[in-house]
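A.B. asks: Supplied in C-alpha cells, the structure appears directly below.
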Amino acid sequence: MKRKPNTPRSQVRSALRQLWLRSRERQAALKRDHYACQDCGAKQSKAKGRVVKVEVDHLEGIEWNRILDYIYRHLLVSPKKLETVCVLCHKARTEERKRVG
C-alpha cells in the first residue's frame, strides 16, 4: 500500500490540540479562574451525578486553517525541500541562515 504524500490535516490538528490541552498557558488560565466558568460560576467537578467539565476558550478565536496552512508551508514540506544532515552541520547551517537572513 502506497503512503499518501502529506501528513493528514486531521492528524496535525489533533497533535496541536494535545499540545494545547497539556500547555502551561491553559493550566495557568484554569488555575487563575479557580476551575470555574466565568459566565455562570459552575465549578469543575468529577463527583458522581454532578459531573461538570470546564474548558478554556480563546477570546480571539483560533484560525485553524491559517495555522495549518502555515505548518504545511514551513514545517511539513515536501521531501524535495528536506535534507538529512548531522547535528553539528545542522547547527552550523542554522547559524548561517540567522546571519544571512
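The values are calculated or read from the model by the stated rules, or taken from the named source; none is laboratory data. None of the values given here were measured: they were computed from a predicted structure. Cβ coordinates were reconstructed from backbone atoms using ideal geometry, including for glycine residues, and neighbour counts include every protein chain displayed. Only protein heavy atoms, including side chains, enter the accessible area calculation; ligands, DNA and RNA are left aside. Shrake-Rupley method; radii C 1.70, N 1.55, O 1.52, S 1.80 Å.
A.B. asks: From the set of residues in the range 42-66 that are in contact (Cβ under 8 Å) with a residue 24 or more places away in the chain and closer than 21 Å to Q27 by Cβ, which is farthest from the chain's Cα centre (by Cα)? Explain how you work it out, then say what you get.
C.D. replies: First, pick out the residues of the range 42-66 that are in contact (Cβ under 8 Å) with a residue 24 or more places away in the chain: 54, 56, 64.
From the residues that got through so far, the ones that are closer than 21 Å to Q27 by Cβ too are 54, 56.
Numbers: V54: 19, V56: 14 Å.
In this case the residue turns out to be V54.
A.B. asks: With the condition kept exactly as written, say whether any residue in the range 17-31 is more than 25 Å from the chain's Cα centre (by Cα), open to solvent by less than 100 Å² (accessible area, probe 1.4 Å) and of a type in the set (K, R).
C.D. replies: Filtering the range 17-31 down to residues more than 25 Å from the chain's Cα centre (by Cα) leaves none.
There is no residue in the range 17-31 that is more than 25 Å from the chain's Cα centre (by Cα), open to solvent by less than 100 Å² (accessible area, probe 1.4 Å) and of a type in the set (K, R).
A.B. asks: Which pairs do you get when a residue that is open to solvent by 80 Å² or more (accessible area, probe 1.4 Å), found in the range 79-101, comes within reach of a residue that is in a loop (DSSP other than H, G, I, E, B) and at pLDDT 95 or above, reach meaning Cβ atoms under 8 angstrom, with the pair 6+ apart or on two chains?
C.D. replies: From the range 79-101, the pairs are R93/V85.
A.B. asks: Hey, another quick one. Kindly list, by first and then second residue, each pair from a residue in the range 14-34 that is more than 25 Å from I71 (Cβ to Cβ) to a residue that is open to solvent by less than 60 Å² (accessible area, probe 1.4 Å) and assigned to a loop (DSSP other than H, G, I, E, B), limited to pairs with Cβ atoms under 9 Å and residues at least 6 apart or on different chains.
C.D. replies: So the pair list comes out as L30/V54; L30/V56; D33/V54; D33/V56.
A.B. asks: Another one. State all residues of the range 67-78 that are assigned to a loop (DSSP other than H, G, I, E, B) and either without any contact (Cβ under 8 Å) to a residue 24 or more places away in the chain or open to solvent by 100 Å² or more (accessible area, probe 1.4 Å) (or both); if no residue qualifies, say none.
C.D. replies: L75, V77
A.B. asks: Is it the case that some residue within the range 32-51 is in a loop (DSSP other than H, G, I, E, B), within 30 Å of T7 (Cβ to Cβ) and either open to solvent by less than 80 Å² (accessible area, probe 1.4 Å) or modelled with pLDDT of 95 or more (or both)? Walk me through it before giving the result.
C.D. replies: Looking only at the range 32-51, we keep the residues that are in a loop (DSSP other than H, G, I, E, B), and these are 33-35, 37-42, 44, 46-51.
When the remaining residues are screened for being within 30 Å of T7 (Cβ to Cβ), the result is none.
Within the range 32-51, not a single residue is in a loop (DSSP other than H, G, I, E, B), within 30 Å of T7 (Cβ to Cβ) and either open to solvent by less than 80 Å² (accessible area, probe 1.4 Å) or modelled with pLDDT of 95 or more (or both).
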